[in-house]
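So the structure is just underneath, and the comments pick up after that.
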C-alpha cells in the first residue's frame, strides 16, 4: 500500500460507512437493496452530509472573500508603489507588505478554494471505492464499511441501464450505449453547474474595484480552465462519482444563489438589486456596519448624530470681564 492509499484509507472507510448507512435506511423503508436508485440516493445522502458539515467553512470562505474585496484598493496602491521594480529586495518587501495586508483584513487568496480542498480527499476516496467494486466482487471481499454482499449489490445495480461503477472511458458492463449517454449527460451537467456558479459570483457579487484587480483576472482564467479540467477528467470517473460531483456542484450553486440574493457584497450589482427590491417594497435599507446587519432606524439615527456632531459649529465663549 503506497502513501496515497494510506492517507485515503480512513476517508474510504468514512465514505463507504455513510453510503451504507443511507443504503440500509432506504432499504428499511422499502426500497430494493440491490436497486441502482437506492445506491444513487445513498451517494446523494453522502453529499448532503459532507456539505452540511462544511457550512462553517463556507461561512469563513464568505468572510475571507469579503476581506479580499475590501483590501483591493490598498493592494492596488501597493502594486503601483513597486511597479517596475524587479530587484530581489523590492520583491521581498512587496511580498511582506502583501502578507501584512492579508493579515490586517483576515483573509488570503486561497480561502475561496478551501471548501473544494477539504472535499478532495472524500472525492478521491469515493473514486477508489467505486473503481474497486469490480475487483472486490471478483475477490469476494468488501471495501471499507461495505460488506461483500453490498459490493455485489452495488456492482450489479444500474440506473437507465448503466452500472454505477461504469465509466465512459473504461465501460464496466451493462448497456454500453446507456453508459456513454448517461456519462456524457452527467459530465455536461457537472461542468455547466460549476461554470454557472463561478460566473454568477463574478457577474453579480463583486464590486467594480474587485473585478479590475489582478487577482480577479486570474480568477476569470480559472473560470474557464477548471470546468475543462473536470470535463476531461470526467471521462475516467465512474457514474457514481459523476453523480456525487454534480450533486455537490448543484448544492454550491444553490448556496451561492442564496448568499448573492440575501447577503450580497457591498458595492456589487447584487447589493444594488437588493436595495432596489427593498425600496420597491417600502422597506428600509439594511446597511452593513463592521460586516454585520444592523437595524436600519438605529443606523440612520447613528449616522444623523455623527453628521450633526461634525457640522455643528462650536460657539466661542466670552471671557468674564473684571469689574472695575
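Summed over the stretch 30-71, the residues that are more than 21 Å from residue 252 (Cα to Cα) and in contact with a strand residue (DSSP E or B) (Cβ under 7 Å, 6 or more places away or on another chain) give a count of 2. Pairs linking a residue in the stretch 86-102 that is within 24 Å of residue 70 (Cα to Cα) to a residue that is modelled with pLDDT of 80 or more, with Cβ atoms under 6 Å and 6 or more positions apart or on different chains, are 94/82; 97/78. Restricting the search to the stretch 226-238, which residues are within 14 Å of residue 43 (Cβ to Cβ) and in contact with a helix residue (DSSP H, G or I) (Cβ under 6 Å, 6 or more places away or on another chain)? Within the stretch 226-238, just 238 meets the criteria.
For (1) surrounded by fewer than 17 Cβ atoms within 10 Å (Cβ to Cβ); (2) in a helix (DSSP H, G or I); (3) in contact with a helix residue (DSSP H, G or I) (Cβ under 6 Å, 6 or more places away or on another chain); (4) at pLDDT 85 or above, each residue gets a yes or a no:
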residue	(1), (2), (3), (4)
23	no, yes, yes, yes
26	no, yes, yes, yes
48	yes, yes, no, yes
57	yes, yes, yes, no
60	yes, yes, no, no
68	no, yes, no, no
78	no, yes, yes, no
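Evaluation of residue 266 against the conditions (1) within 30 Å of residue 180 (Cα to Cα); (2) at pLDDT below 80; (3) touching a strand residue (DSSP E or B) at 6+ places or on another chain (Cβ under 9 Å) shows that the sole unmet condition is (1). Being surrounded by fewer than 19 Cβ atoms within 10 Å (Cβ to Cβ) and modelled with pLDDT under 80: is that true of residue 109 here? Considered against the rule, which asks whether it is surrounded by fewer than 19 Cβ atoms within 10 Å (Cβ to Cβ) and modelled with pLDDT under 80, residue 109 comes out as yes. Against the criterion of being in contact (Cβ under 8 Å) with a residue 60 or more places away in the chain, crowded, with 20+ Cβ neighbours inside 10 Å and farther than 24 Å from residue 155 by Cβ, residue 19 does not qualify.
If you go through the stretch 85-106 and keep only what is assigned to a loop (DSSP other than H, G, I, E, B) and modelled with pLDDT of 80 or more, you end up with 85, 87.
Condition check ((1) assigned to a helix (DSSP H, G or I); (2) touching a residue at least 24 places away in the same chain (Cβ under 8 Å); (3) over 17 Å from residue 244 (Cβ atoms); (4) in contact with a helix residue (DSSP H, G or I) (Cβ under 6 Å, 6 or more places away or on another chain)) across all residues:
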site	(1), (2), (3), (4)
150	yes, yes, yes, no
153	yes, yes, yes, no
180	yes, no, yes, no
186	yes, yes, no, yes
190	yes, yes, no, yes
194	yes, yes, no, yes
199	yes, yes, yes, no
202	yes, no, yes, no
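Listed conditions (1) modelled with pLDDT of 85 or more; (2) within 24 Å of residue 19 (Cα to Cα) are all met by residue 188, apart from (2).
Rundown of residues vs (1) within 25 Å of the chain's Cα centre (by Cα); (2) more than 27 Å from residue 230 (Cα to Cα); (3) surrounded by fewer than 16 Cβ atoms within 10 Å (Cβ to Cβ), yes/no style:
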| residue | (1), (2), (3) |
| --- | --- |
| 95 | no, yes, yes |
| 115 | yes, no, no |
| 118 | yes, no, yes |
| 131 | no, no, no |
| 158 | no, no, no |
| 161 | no, no, yes |
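The values are calculated or read from the model by the stated rules, or taken from the named source; none is laboratory data. These numbers were taken from a predicted model, which means no experiment stands behind them. For neighbour counting, all protein chains shown are included, and Cβ atoms are generated from backbone atoms with ideal geometry for every residue, glycine included.
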